[in-house]
Amino acid sequence: MTFEYAPALESRTIVTIKPKYGHFINGAFVSGKKHFPTINPTTEEILSHLSLGSASDIDKAVAAAQKAYTRTWSKLSGKERGKYLYRIARILQERAREFAVLETLDNGKPIRETRDIDIPLVAAHFFYHAGWADKLDYAGLGHSPQPYGVAGQIIPWNFPLLMLAWKVAPALATGNTVVLKPAETTSLTALLFAEVCQQAELPGGVVNIVTGDGSTGATLVNHPGVHKIAFTGSTEVGKKIARAIAATDKKATLELGGKGANIVFDDAPVDEAVEGIVNGIFFNQGHVCCAGSRLILQESIAEEIIEKLKVRMAKIRVGDPLDKNTDLGAINSREQLTKIQELAAIGDAEGAQRWSPQCNLSDKGYWFAPTIFTGVTQAHRIAQEEIFGPVLSVITFRTPQEGIDKANNTPFGLSAGIWSEKGSRTLWASQQLRAGVIWANTFNKFDPTSPFGGYKESGWGREGGKHGLAAYLKTGKESGGK
Ligand code: NDP
């Protein structure tokens, strides 16, 4: 006998969305001239209208950040800066439900994830960096490391508030001030965060948020008053930014795309591996730069794993992300849905075999069923290009070395997972893999203390942990120290 799940809808009444938003500059909201709609990808309802940041808006935000840096923020001790960060972290925890519901409405990701993963991690990032603010001299980064000044930060739509936290918390802890440009389709939690800055009485101009599109981001990157760029997004835009700052002395961290390999060896704990594969690719609709989007399976266990994987995938609940039973929510935008559909169609055309469980997808909103492609070869585009959706490409190998070679055979190098019960094999494999983050017998685990970043076309630099602090500080001769 099977039981149906009764709907368990999270109420959206906790959230108040204004019909129109301005930018957050110098501690206050200021109206922009042009506006664009932001929509709920689950229903296609217009949630609000956001201001399209112009060159003059960026000028004002950078000027406010410069002034706040010179007059206020750089004059405060690390201990005082830390107090603000603690205050922000505590307010985020107090308003966690509001943030979780708003993120789900704006992004389409399940409330179970915003409530249990995104928002707790956001608070954890602020707590963690609050702790560092008065200990920078002891971080092993040289004597008296100094901030750069104004950091220009640009973030994508897949983890909107979490990416903001990854950027804003270390910048503030290290004494920099910030101008942040959130993604066009998911700016609402950044604007709610602006209210948190007001509530925490953060001095005006320390955090500035300018909403807009790619041109707003490009204007921020090129602004002469910005000394450090922190970007998370596609490799294509990352390359444009690298070119734009090549002839300047601007510092940059670029967190770009990935095509993570989840490698399952023949001695792996099979049921745990199946759960890890599902978590690796279907978490957050597969909109995860470090997703395990390539399953690299040892041939002798491939059939068994694929069979079990299909049984498990049939149990994934796709639907209203505000329902607490939902595992897989909406795709963030029509544009992203089209990209996923096109790449999946290329997989069909190249001869891979597509399989999805039966799903009742709503006519309204943007949806894509969890999908696997078997019979994928190295030459297939779905084995090489980032799909950024709930689509898994399965590749097999015979010898461990062949598995590693296939795992490394992409232009990216962000993440990998190893499934094996042998510690020696895990260590051997992790030394061969060209990936910034490697998980063993788990996948997609994040922690503010742990540095994150990629090799090759997955980017430059690290965010998180002590390494992430270094990206916001002049050290050694650069700071005038020893
Ligand atoms: P994009 O690179 O298109 O956008 C990222 C951000 O950059 C957005 O705010 C975007 O604005 C802005 N932007 C667009 N064009 C420019 C430009 N010329 N100059 C400056 N800024 C610009 O990526 P997506 O938003 O589509 O995000 C998905 C991509 O991000 C995937 O490839 C994914 O792998 C990667 N990613 C990487 C992560 C990592 O840590 N390595 C984490 C998360 C995502 P707008 O929204 O208006 O287009």
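Coordinate-derived values only; no laboratory data. Being a predicted model, the structure only gives us computed values, none of them experimental. Glycine also receives a Cβ, built like all others from the backbone with ideal geometry; neighbour counts cover every protein chain displayed.
Between Gln431 and Glu303, the modelled label-to-label distance comes to 3.6 nm, taking each label 7 Å out from Cα in the direction of the beta carbon. Each Lys and Arg adds +1 at its Cβ and each Asp and Glu adds -1 at its Cβ; summed about the Cα centre, region 12-88 shows a dipole of about 480 debye. Per-residue 3J(HN,Hα) values for region 29-36, derived from phi via the Karplus relation 6.51 cos²θ - 1.76 cosθ + 1.60 with θ = phi - 60°, read 7, 10, 6, x, 7, 9, 10, 9 Hz in sequence order (x marks Gly and Pro).
Between Ser187, Thr114, His129, the Cα set farthest toward the positive side of the dipole of region 70-193 (charges on each charged residue's Cβ, about the Cα centre) is that of His129.
For region 253-334, trypsin sites (Lys or Arg not before Pro) are listed when DSSP marks them as loop and at most 16 other Cβ atoms sit within 10 Å of their Cβ; the list is Lys315, Arg317, Lys324. 3J(HN,Hα) along region 377-394: 10, 4, 7, 5, 5, 6, 9, 10, 9, 6, 8, 6, x, x, 10, 10, 9, 9 Hz, from the Karplus curve 6.51 cos²θ - 1.76 cosθ + 1.60 with θ = phi - 60°, whole Hz, x for Gly and Pro. Starting from the alpha-carbon convex hull of region 296-375, give the projected area averaged over all orientations, in nm². Over all viewing directions, region 296-375 projects a mean Cα-hull area of 6.2 nm². A convex hull fitted around the alpha carbon atoms of region 1-79 yields 190 Å³ per residue.
The residue list Ser424, Leu414, Gly365 was ranked by how far each Cα lies along the charge dipole of region 279-426 toward its positive end, using unit charges on Cβ atoms, and Ser424 comes out on top.
Normalised by the number of residues in the chain, the mean separation of alpha-carbon contacts (under 8 Å, six or more apart) gives a relative contact order of 18 percent. Segment Gln401..Val270, full-extension length gain: 45.1 nm, with 0.36 nm per residue of separation and the alpha-carbon distance subtracted. Rounded to the nearest 20, the size of the Cβ-charge dipole of region 78-196 about its Cα centre is 220 debye, with Lys and Arg at +1 and Asp and Glu at -1.
Helix content alone sets the calculated 222 nm mean residue ellipticity of the chain: runs of n ≥ 4 DSSP H residues at -39500 (n - 2.57) each, divided across all residues, give -11500 deg cm²/dmol.
Here the chain is scanned for GluC sites (Glu not before Pro) in DSSP loops (not H, G, I, E, B) that have at most 16 other Cβ atoms within 10 Å, and the longest stretch holding none of them is 46-200.
Computed FRET efficiency, Cβ-Cβ of Ala8 and Asp59, R0 35 Å: what is it to the nearest 0.05? Efficiency computed from Cβ-Cβ geometry: 0.15. DSSP beta bridges confined to the chain are antiparallel in about 35 percent of cases. Counting 0.36 nm for each residue step from Gln378 to Lys33 and taking away their Cα separation leaves a gain of 119.3 nm. For the cross-link pairs Lys109/Lys466; Lys167/Lys466; Lys240/Lys466, which exceed 25 Å when the distance is taken from alpha carbon to alpha carbon? Check vs 25 Å cut-off fails for Lys109/Lys466; Lys240/Lys466. Charged side chains reduced to their Cβ positions (Lys and Arg at +1, Asp and Glu at -1) give the chain a dipole of some 1940 debye around its Cα centre. Straight-line cross-link reach from Lys75 at under 17 Å between alpha-carbon atoms covers these aspartates and glutamates, not counting any fewer than eight positions away in the same chain: Asp134, Asp137, Glu201.
Loop sites by DSSP among the chymotrypsin sites (Phe, Trp or Tyr not before Pro) of the chain, restricted to those with at most 14 other Cβ atoms within 10 angstrom, leave 6-482 as the longest stretch without any of them. The eigenvalues of the Cα gyration tensor, multiplied by 5 and square-rooted, give region 111-161 an equivalent ellipsoid with semi-axes of 29, 16, 7 Å from largest to smallest. Karplus-based coupling profile of region 265-275, in residue order and whole Hz: 7, 5, 9, 6, x, 4, 5, 5, 4, 4, 4, with θ = phi - 60° in 6.51 cos²θ - 1.76 cosθ + 1.60 and x standing for Gly or Pro.
Taking amide H atoms as placed 1.01 Å from N in the peptide plane, the amide H of Thr442 lies under 5 Å from those of Ile418, each 5 or more residues away in sequence or on another chain. Full extension of the segment from Thr442 to Ala246, taken as 0.36 nm per residue of separation minus the current Cα-Cα distance, would add 66.7 nm.
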